[in-house]
Structures are given as C-alpha cells and as structure tokens.
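First up is the structure itself, then whatever we jot down about it.
The values are calculated or read from the model by the stated rules, or taken from the named source; none is laboratory data. Computed from a predicted model, the values in this text were never measured in an experiment. Virtual Cβ from ideal backbone geometry, glycine too; neighbours counted across all protein chains shown. The protein model used for the area step is the full one, side chains on, heavy atoms only, and it has no ligands, DNA or RNA in it. Shrake-Rupley method; radii C 1.70, N 1.55, O 1.52, S 1.80 Å.
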Amino acid sequence: MKLWGGRFETGPSEVFEQFSGSLDFDSKLIFADVQGSQAFARALERAGILSATECYQIVAAFDEIAHEALSPAYLRGADDEDVHTFVIRQLGEKVGGLAGKIHTGRSRNEQVSLDTRLYLRASAETILDQLTQLMAALLSLAAKYPQAVIPGYTHLRRAQAVLWPHYLLAYFEMLARDFERMEQTCARINVMPLGSGALAGSGFPFDRSAIAADLSFPSITRNSMDVSADRDFALDFLYSSSMIMLHLSRLAEDWILYSSEEFEWLSLGDGVTSGSSLMPQKKNPDSLELIRGKSGRVFGDLTSLFVTMKGLPMTYNRDMQEDKEPLFDAFHQTSGSLAMAKVVADSVVLNPAKPAAATEKSWVVATDLAEELSRSGVPFHRAHQLVGQLVLESVKSGKTPNEWTGESLAAFAPEFQPDMARLFNPIEGMKSRSLPGGTAPEAVANALSEAKTRLEAMRQRID
C-alpha cells in the first residue's frame, strides 16, 4: 500500500522500489511513529474530523501495534516502502477503512520530522544520563588516589607535576561541556513540527499547542517551510555525539599509553581487556582501542549528513532520507562507548609509585624553580635562563633533581638560595598553584567538591 499513487498510471519499478525503500533501517522509528500518530488522532478528534469513538479505536489499535512491535519478528517479511507505510497498513488491518482518516491534513514530511525528533529526544536523554555516570566514575577514581602525583605532559614530554585528581578533573570538564552541549541539542530537538503540512502549513484547524503538550514538547516550530527543510537538529545531535567521542578517544589514548609496560602507571581489569591468540603474555586494552576506533565512525556520520544537506534547495528533498542511518549509528556507537568507558573507569587501578618516580627523576620542577627565583627578585627571563642552565648541567652529568642540595644549588649560581632546594620535591611546587583551576591540593579539593555539586545539579535536570 502506498500513501500516494493517484497521479501515476503505473507503479514504481522493482529497482526503484529496492533503491528507495527504507524500512530495513527506519523501522527503528516505529514506536515514535505510533506515539506521534496517536497524538495526531487526538488532534483530529479535537478538530472534529474523528469522532470520540473513532479516535478511541485508532489509539487502541496503535497500542496493539506498539505491543506487537516488541517482538523481534514483527517486521520480518514486510516489504513496505518505509516504517510509516508499514504502520498505516497494520492500522488498516485492525480498523479497516477508518485508517484512511489518520493522514487527514498530515504530510509525511512533518511526520518524519516528528518521529526523528521523538527518537533523538529519547536518545539524547539516554546519553545525558550516561555522561553523568561516567563523570561520577571519574570522581570516584579521583577519590581513590587523592594525593597521587603524576607528570603532566605537553608535546608528550614531561612538563609539570599535577595531582591525579586534577588530571581526571580535566576530563570531567570535557564531559561537563558535552553534557551542556547535548542539553542545548535536546532543546533544539524538542520542538513540535506537526501542523506544518508538506511545506505550507495545514489547512485544518489543529491546535498545535495542544499537540505539543500531548507529546511533552515545550514549544512548536515557527515556520512550515523550515520544518520541511530542517535537519539542523539532527546535525546538532551528530556534532554533540562527535564531541563526546573525541573526548572519549583522547581518554582512551591516555589510558592505553599509561597501562603499557613503558608507563605502568595503571592497570585495567580483566573484564575490559583481552588476550592474544598466539602470545600468552598479552593483556590488550581492546575496550579502549574500540572506543578510539569508533570515534571515526561517528565523525563520519556527522560528515555524511553535513555534506548531504549542504546543497539542497528549499524545502524537502528525498536526499534527506539519508539522515536516518547516520543518526542511528551515531547514537548506538556513542551510547555504547560511554557505557564501555564507565566500566573501564570502574576497573582502573593506579600504581602511584610509577608516576611519582617519573616526576622525581625528571625536571617537571623546573618552572617551580624559575618562578621561585622570580619571586625573590630575579627577572623571569634571567630566572628561565638560570634554570635552563641547571637542567643542561644535570643532563650532562646525569644528575636527577633530588641529587642537588641547597649548598650545591647556591654554588651553581648566586641567585639560587639554599632553601630553594625544597622545590626539587614536586609537591612543594604544586602548593604555589592555588588559584582556582590550579593543581594545588587545596584548589583541587575545592574543585572536586564543586564538581560533585555540579554533577548532582546535572542529574536533577535530567530526572
């Protein structure tokens, strides 16, 4: 059964039917299609197009369809053009000719927009919840090792010492921005399009605000042509998902490195690693590698729809059917990656001695020493040169920072004072970085407390 066809003398060719059909992937929208169609049936009743009895029959039939659709075999063997045609055919089998009224004043263009928004709204809410779970896992991991010191890196070279919780809070901030971004995306998704018709608006007296309230949309769309042409909300979802995956990929890269034999900072649980079919000793970080790899898929989903939309004339074009598979894939990959990252974070065991040793034998204290010289009155450029010379001498002679004493330091250059040797302990230098956002223990403790409060506020917003 087609939802169109009166204009045509013959049906579509078999090749065109196969080429244009979308039921194999847009069947994911079946529950959204049923929900939207039930709301539209109630709108038809309010507009006097359906009687109360007819509306009841249609809504009840849709309930049956939704229940039957829970079975994995429900759509097996169906050859309908798309999920919307399938649902209407099922409705016809239950209520007969009455099913023909359900499309009164409704275009498939606005129907698809509504279904996609309902699907993405639920998807965004799922991801928001998963983001809070991962952020909570990072805070728990920080609390396990509150005093652990690690080298911070630039250019993958040891730069300055930081606290382990400070490092994890950096990823907390990334995920917090992801949460905010997905919230904003959800707000743009959460706009009700029914009543827009194909592009010019509906010719029937529907109460659009009542439909919006029925479907828990806080607002309605403002322009019918825009509804038919718009996939900005879908691109917003893909971009937000891509940013989440970008951050997860960076975290995965860090932990792949830090769990390697070369670093040995942390170990990953058996439940998130795998072995080798040939090499018995291997414990591979496959979970993290898959997260890192799946980020490319989600970036590709964004690029796919972005390029599809870039040259389309107003308003609807069939090209826009190609939005579904990227959206479904991006949600599946992003949601799965967030769930995996949370399990990985729960499994991490830090070996604090390893990163601590890395800080002690490297020159992550160099900036602390230069700043202490500057505080004592030495111009910073001169202080920078002096510490650079000290590092060079140490490298040439094979000395580590803690091999310098106050006396040998003062003997190296008169600007150095013996008590500055205390800064060869990385913890001492960190104490000076007490501004909000810094790695001083007090600043980090405050940041952790604030992070917990912010996380609770995020959770309340999605409850």
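I want to confirm something. Restricting to the stretch 268-302 and keeping residues that are in contact with a strand residue (DSSP E or B) (Cβ under 9 Å, 6 or more places away or on another chain) and among the hydroxyl-bearing types (Ser, Thr, Tyr), which single residue is least open to solvent (accessible area, probe 1.4 Å)? Give the derivation first.
Applying the first criterion (in contact with a strand residue (DSSP E or B) (Cβ under 9 Å, 6 or more places away or on another chain)) to the stretch 268-302 yields 268-269, 273-276, 282-287.
Among the residues that remain, those that are also among the hydroxyl-bearing types (Ser, Thr, Tyr) are: 273-274, 276, 287.
Values: 273: 28, 274: 39, 276: 39, 287: 9 Å².
Looking at the filtered set, the residue picked out is 287.
Given the options 209, 216, name the one that is in a helix (DSSP H, G or I), free of Cβ contacts under 8 Å to residues at least 60 places away in the same chain and either under 29 Å from residue 303 (Cβ atoms) or out of contact with any Pro (no Cβ under 6 Å at 6 or more places or on another chain) (or both).
On the way: 216 fails: in a helix (DSSP H, G or I).
Being in a helix (DSSP H, G or I), free of Cβ contacts under 8 Å to residues at least 60 places away in the same chain and either under 29 Å from residue 303 (Cβ atoms) or out of contact with any Pro (no Cβ under 6 Å at 6 or more places or on another chain) (or both) holds for just one of 209, 216, which is 209.
Mind checking which residues of the stretch 123-141 are among the small types (Gly, Ala, Ser) and open to solvent by 10 Å² or more (accessible area, probe 1.4 Å)? Give the derivation first.
In the first step, residues of the stretch 123-141 are kept if they are among the small types (Gly, Ala, Ser); the result is 123-124, 136-137, 140.
136, 140 - these are the residues of the stretch 123-141 that are among the small types (Gly, Ala, Ser) and open to solvent by 10 Å² or more (accessible area, probe 1.4 Å).
Looking at 112, 59, which one is surrounded by fewer than 23 Cβ atoms within 10 Å (Cβ to Cβ), within 37 Å of the chain's Cα centre (by Cα) and assigned to a helix (DSSP H, G or I)? Before the answer, list the steps.
Working: 112 fails: surrounded by fewer than 23 Cβ atoms within 10 Å (Cβ to Cβ).
Matching residue, one of 112, 59: 59.
Would you mind telling me which numbered condition in (1) part of a helix (DSSP H, G or I); (2) without any contact (Cβ under 8 Å) to a residue 40 or more places away in the chain; (3) closer than 30 Å to residue 104 by Cβ residue 187 fails?
(3)
Going by the structure shown, is residue 361 modelled with pLDDT under 95 and over 30 Å from residue 299 (Cα atoms)?
Details: modelled with pLDDT under 95: yes; over 30 Å from residue 299 (Cα atoms): yes.
Here the answer is yes, as residue 361 does meet what is asked.
Output the number of the condition that residue 78 fails; it satisfies all remaining conditions of (1) hydrophobic (A, V, I, L, M, F, W, C); (2) assigned to a loop (DSSP other than H, G, I, E, B); (3) farther than 21 Å from residue 208 by Cα; (4) modelled with pLDDT of 95 or more.
(4)
Quick grid of which residues meet (1) open to solvent by 40 Å² or more (accessible area, probe 1.4 Å); (2) farther than 14 Å from residue 160 by Cβ; (3) not in a helix (DSSP H, G or I):
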residue	(1), (2), (3)
411	yes, yes, no
433	yes, no, yes
439	no, no, yes
449	yes, yes, no
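Just to be sure I understand, how many residues within the stretch 331-361 are assigned to a helix (DSSP H, G or I), more than 13 Å from the chain's Cα centre (by Cα) and aliphatic (A, V, I, L, M)?
Of the residues in that region, 7 qualify.
Name the single residue, out of those in the stretch 179-235 being over 19 Å from the mean Cα position of the chain (by Cα) and among the β-branched types (Val, Ile, Thr), that is surrounded by the most Cβ atoms within 10 Å (Cβ to Cβ).
227
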